[in-house]
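Visitor: I have a structure here, written as structure tokens, and I will follow up with some questions on it.
The values are calculated or read from the model by the stated rules, or taken from the named source; none is laboratory data. Bear in mind that the values here come from a model prediction, so they are computed numbers and not experimental data. Reconstructed Cβ throughout: ideal geometry from the backbone, glycine too, with neighbour counts over all protein chains shown.
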Amino acid sequence: MMGYKQKEVARLLGLYSTSPLSEWENGINIPSSHYLIKLSILYRTYINELYPEYFQEVRKALHSKEFEVFNRE
């Protein structure tokens, strides 16, 4: 995206290694909200654009729950 190397991103995020970055990139883990915010600032993008599939999954589940909660009556 911005041409950063993993070591540079890790350092900018205050991480001690690139392992978390690799896990995030490979879908093994998802960064905490703290790191999502930092990544969105660093890459100059919106959080939902960093993980679009996950965002859609969460949105769908939340909308389903919202329908369930407000349409019980």
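Visitor: Please find, within the stretch 19-57, the residue that is farthest from Met2 (Cα to Cα) out of those that are among the β-branched types (Val, Ile, Thr) and exposed (fewer than 13 other Cβ atoms within 10 Å of the Cβ).
Guide: If we take residues in the stretch 19-57 being among the β-branched types (Val, Ile, Thr) and exposed (fewer than 13 other Cβ atoms within 10 Å of the Cβ), then Ile28 is farthest from Met2 (Cα to Cα).
Visitor: Take the residues in the stretch 58-72 that are among the charged types (D, E, K, R) and surrounded by fewer than 10 Cβ atoms within 10 Å (Cβ to Cβ); name whichever of them is farthest from Ser19 (Cα to Cα).
Guide: Checked the stretch 58-72; the qualifying residue farthest from Ser19 (Cα to Cα) is Arg72.
Visitor: Looking at the stretch 1-18 only, could you name the residues that are surrounded by fewer than 13 Cβ atoms within 10 Å (Cβ to Cβ) and either under 16 Å from the mean Cα position of the chain (by Cα) or hydroxyl-bearing (Ser, Thr, Tyr) (or both)?
Guide: Residues satisfying the conditions are Met1, Tyr16, Ser17.
Visitor: So, in the stretch 29-73, exactly how many residues are of a type in the set (D, E, K, R) and under 15 Å from Leu15 (Cα atoms)?
Guide: 1
Visitor: Shifting gears a bit: Are there any pairs, at least 6 apart or on different chains, whose C-beta atoms fall under 8 Å, with the first in the stretch 21-45 and on the phi < 0 side of the Ramachandran plot and among the hydrophobic types (A, V, I, L, M, F, W, C) and the second assigned to a loop (DSSP other than H, G, I, E, B) and modelled with pLDDT of 95 or more, and if so, which?
Guide: Leu21/Leu15; Trp24/Pro31; Leu39/Pro31
Visitor: Out of the residues in the stretch 29-57 meeting the condition of being among the small types (Gly, Ala, Ser) and either out of contact with any Phe, Trp or Tyr (no Cβ under 7 Å at 6 or more places or on another chain) or assigned to a loop (DSSP other than H, G, I, E, B) (or both), tell me which one is nearest to Tyr16 (Cα to Cα).
Guide: Keep residues of the stretch 29-57 that are among the small types (Gly, Ala, Ser), which gives 32-33, 40.
Those left that are additionally either out of contact with any Phe, Trp or Tyr (no Cβ under 7 Å at 6 or more places or on another chain) or assigned to a loop (DSSP other than H, G, I, E, B) (or both): 32-33.
On the way: Ser32: 16, Ser33: 18 Å.
Across the stretch 29-57, the extreme among qualifying residues is Ser32.
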